[in-house]
Amino acid sequence: MEEPPYDLVILGATGFTGKYVVREALKFLNISPLKSLALAGRNLTKLNESLKWAAHPLPPPPIPLLLADVTDPHSIRRLCSYTKLILNCVGPFRRYGKAVVEACVETGCDYLDICGEPEFMERMEAEYDKMAVEKGSLVVSGCGVQNVESKNGIVCNFGSFESAVLGVANAGELRQFRRSRPPRRSPLIVGRSTPKGPLLEYKKQFGVWSVRIPSADSSVIRRTLFTLAENPQGLLGSNETLDDIEQRKKFWSSVKPARFGVKIGMKSFLGILRFIVFGIFIGMLAKKAFGRWLLLTFPSIFSLGLLNKKSPSEDEVNNVSFKMWFVGHGFDDNGNDKEIVTRIMGPEPGYITTSIILIQCAFILLTKRQVLPKGGVLTPGIVFGPTHLQQKLQDNGISFDVISNN
Ligand SMILES: NC(=O)c1ccc[n+]([C@@H]2O[C@H](COP(=O)([O-])OP(=O)(O)OC[C@H]3O[C@@H](n4cnc5c(N)ncnc54)[C@H](OP(=O)(O)O)[C@@H]3O)[C@@H](O)[C@H]2O)c1
């Protein structure tokens, strides 16, 4: 079969996140493995502006701009015929994502996105996993950052806020959908469970106030653990060597399934209080159409100034950085309690770090396709866990540290 002309296509390249993804991709253009790239969206003028913004201060490189609208399935299928891999930045995904996943699966094209919406991810797995395996299409959602402790506050574009509001509005549907699915085998988690702790607490260890929050991470990790329970040695690569197989088995035998929960942390008590009040407003208002209208029309009032309809400026994005702490509780070989604390740090999470992650996942997909599963709708953990993704992220400004191991 003839090779498609572009290594990858960025769909939704005109969006706030999309243009950061374009900027990250341009850093590597013409360096292996990115020999060719195209941008796609529904407006050529906006695509041109995006490319100019992303290339600045250099002149925009001659990159093909392709018209595609997710409400026109034919245009998305055409896009799939041009490339091996689509990076989807069109959201909210519950509204616009299905058509793109469907076109990729039907044509055997690979697909990555930055979705943070559990219902979309779980539905895509239920509906398309079987066909994706048959067609050899790898569909991996959630290649971004979800929840973090962030320095200098949080910057959030309206698109992410809208996706979050719609997620809360449809929380009942997600519960119903989960109940309708056949039960999956859970992994064996050895040892007693650690108490979740109070809803709001001061974490002296990190010097932050933290509050427990519902998170897309929990859904993604649960799905990773389900897949692992069904395939304790991970999933077969499409064309692995004996060394690749050994490496995959070694990696997965070192992974200990764990219960997982997420908290968001802030240095200031007032900051966390503001976040809680914002969460209460979303919880109260998002379920009714009028409440959603209020939230989406007056975001600044209901978020107590945390966000507004105006996109964050470049300076605001550049001023933010994040820390993500992982506190693991378990026991050693002699049964003594053990706590391991690790930390990931990096630049602004929602747009800069997310773009770095998405592009590095894409490069692994382009260079190491043979060690990755032939197809399926899978989580980033299952697909990229045994690869060198962590090293690549470290090389690109995201640090991973073990803070304590007692
Ligand atoms: N997990 C993470 O870390 C993370 C981080 C950031 C964002 N996100 C998610 O990414 C999504 C996008 O967020 P954003 O802030 O970038 O939103 P945004 O600025 O509103 O961008 C939306 C993009 O979707 C495109 N689009 C809308 N309808 C379309 C259609 N019918 N056909 C083709 N393209 C269409 C828009 O194109 P036009 O320019 O033509 O309108 C635009 O390019 C959201 O779901 C958000 O939650 C996730």
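The values are calculated or read from the model by the stated rules, or taken from the named source; none is laboratory data. Keep in mind that this is a model prediction, so the values were computed, not measured. Neighbour counts run over all protein chains shown; Cβ positions are idealised from the backbone, glycine included.
Tabulated data
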| read-out | value |
| --- | --- |
| Odd one out for Ile154, checked against (1) more than 9 Å from the ligand (Cβ to nearest atom); (2) modelled with pLDDT of 95 or more; (3) not basic (Lys, Arg) | (2) |
| Test: residue in the stretch 42-57 that is more than 22 Å from Phe363 (Cβ to Cβ), at pLDDT 95 or above and surrounded by 20 or more Cβ atoms within 10 Å (Cβ to Cβ) | yes |
| The listed residue being assigned to a helix (DSSP H, G or I) and out of contact with any helix residue (DSSP H, G or I) (no Cβ under 6 Å at 6 or more places or on another chain), out of Ile359, Ile382, Ile352 | Ile352 |
| Top-ranked residue in the stretch 347-383 [being surrounded by fewer than 23 Cβ atoms within 10 Å (Cβ to Cβ) and without any contact (Cβ under 8 Å) to a residue 60 or more places away in the chain; ranked as nearest to Ser313 (Cα to Cα)] | Pro347 |
| Test result for Gly91, assigned by TED's automatic domain parsing to the domain that holds Ser219, touching a Gly at 6+ places or on another chain (Cβ under 9 Å) and within 16 Å of the ligand (Cβ to nearest atom) | no |
| Criterion (in a strand (DSSP E or B), within 16 Å of the ligand (Cβ to nearest atom), aliphatic (A, V, I, L, M) and not assigned by TED's automatic domain parsing to the domain that holds Arg223) met by exactly one of Leu47, Leu39 | Leu39 |
| Of all residues in the stretch 1-36 being touching an Asp or Glu at 6+ places or on another chain (Cβ under 7 Å) and part of a loop (DSSP other than H, G, I, E, B), the one that is nearest to the ligand (Cβ to nearest atom) | Ser36 |
| Some residue of the stretch 331-344 being touching a helix residue (DSSP H, G or I) at 6+ places or on another chain (Cβ under 8 Å) and among the acidic types (Asp, Glu) | no |
| Residue check for Gly167: on the phi < 0 side of the Ramachandran plot, modelled with pLDDT under 90 and either part of a helix (DSSP H, G or I) or not assigned by TED's automatic domain parsing to the domain that holds Ile357 (or both) | yes |
| Selection within the stretch 50-77 - under 28 Å from Pro118 (Cα atoms) and either touching a Leu at 6+ places or on another chain (Cβ under 9 Å) or away from the ligand (no atom under 13 Å from the Cβ) (or both) | Ala68, Val70, Ser75, Ile76, Arg77 |
| Filter result (in contact (Cβ under 8 Å) with a residue 24 or more places away in the chain and of a type in the set (D, E, K, R)) within the stretch 203-217 | Lys203, Arg212, Asp217 |
| Scan of the stretch 320-338 for residues that are exposed (fewer than 15 other Cβ atoms within 10 Å of the Cβ) and more than 23 Å from Gly385 (Cβ to Cβ), ordered by number | Phe331, Asp332, Asp333, Asn334, Gly335, Asn336, Asp337 |
| Within the stretch 196-299, strands (runs of 3 or more DSSP E) holding 1 or more residues that are in the same structural domain as Gly381 (by TED's automatic domain parsing) and of a type outside the set (D, E, K, R) | none |
| The stretch 300-315: number of residues that are surrounded by 14 or more Cβ atoms within 10 Å (Cβ to Cβ) and in a helix (DSSP H, G or I) | 1 |
| Filter result for Val341 (away from the ligand (no atom under 16 Å from the Cβ), in the same structural domain as Ser218 (by TED's automatic domain parsing) and not in a helix (DSSP H, G or I)) | yes |
| Cβ-Cβ under 6 Å pairs, at least 6 apart or on other chains, the stretch 86-107 side more than 10 Å from Met124 (Cβ to Cβ), far side of a type in the set (D, E, K, R) and within 6 Å of the ligand (Cβ to nearest atom) | none |
| Residue among Ser300, Ser253 that alone is over 22 Å from Val155 (Cβ atoms) and without any contact (Cβ under 8 Å) to a residue 60 or more places away in the chain | Ser253 |
| Count of the stretch 19-49 residues which are small (Gly, Ala, Ser) and closer than 20 Å to Asp113 by Cβ | 4 |
| Sole residue being within 30 Å of Gly159 (Cβ to Cβ) and touching a Leu at 6+ places or on another chain (Cβ under 6 Å), chosen from Gly265, Gly291 | Gly291 |
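Conditions (1) touching a Ser or Thr at 6+ places or on another chain (Cβ under 9 Å); (2) within 16 Å of the ligand (Cβ to nearest atom), marked per residue:
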| position | (1), (2) |
| --- | --- |
| Cys104 | yes, yes |
| Tyr111 | yes, yes |
| Lys135 | yes, no |
| Gly142 | yes, yes |
| Glu162 | no, yes |
| Arg175 | no, no |
| Ser180 | no, no |
| Pro183 | no, no |
| Ser186 | no, no |
